[in-house]
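Please read the structure below before turning to the comments.
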Amino acid sequence: MAVNGVSQRDNLKVGTLLAGPQFSYPVSLRWLLGGRLMGGYEGYKSCETDLRTLGDRGGFSFGAGLSTTYFATQNLGVRFATDYTCAPPLVRASRERLHFLTLGISVCAMF
């Protein structure tokens, strides 16, 4: 981890547990459209930096995602996904939540 461009001696450790509904809808014979809504808990373990201690707290986290899957063959798919997650602040005094946008591509076995 780096703070203001300076590498730190300690690592930030995060644990997340999210659950929620997920759907997948066939748009055509080869394409699926999917979505998900998630809510749960995200916790940060204490981490020492040169400036202050980060973490040692947790809170409510939520997210949503969209995906599209292309069936390349009968049991092999290629999935394109984007997820948004809003997590609790790292520092207790901060009221600013962390926002993550994740883009991904995966090859998956389809049953």
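The values are calculated or read from the model by the stated rules, or taken from the named source; none is laboratory data. Only a predicted model underlies this, so the values are computations on that prediction, with no experimental measurement involved. Here Cβ is always computed from backbone atoms with ideal geometry, including for glycine, and neighbour counts include all displayed protein chains.
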Looking at the structure I just gave you, is Arg95 surrounded by 11 or more Cβ atoms within 10 Å (Cβ to Cβ) and in contact with a Pro (Cβ under 9 Å, 6 or more places away or on another chain)? no
Quick one: how many residues across the range 67-111 are more than 30 Å from Trp31 (Cβ to Cβ) and of a type in the set (S, T, N, Q)? 1
Residue by residue through the range 63-95, note down the ones that are of a type in the set (D, E, K, R) and modelled with pLDDT of 90 or more. Arg79, Asp83
For the range 40-57, state whether one or more residues are without any contact (Cβ under 8 Å) to a residue 12 or more places away in the chain and under 18 Å from Val14 (Cα atoms). yes
Consider only pairs whose beta carbons are under 7 Å apart and that are at least six residues apart or on different chains; among these, list those whose first residue lies in the range 14-35 and is over 10 Å from Thr68 (Cα atoms) and whose second residue is of a type in the set (Asp, Glu). Val14/Glu42; Thr16/Glu42
Quick check, is Gly58 surrounded by 13 or more Cβ atoms within 10 Å (Cβ to Cβ), out of contact with any Leu (no Cβ under 9 Å at 6 or more places or on another chain) and under 30 Å from Gly5 (Cα atoms)? yes
Residue under question is Gly40, and the condition is that it be under 23 Å from Ile105 (Cα atoms), among the small types (Gly, Ala, Ser), surrounded by 13 or more Cβ atoms within 10 Å (Cβ to Cβ) and within 13 Å of the chain's Cα centre (by Cα); does it hold? no
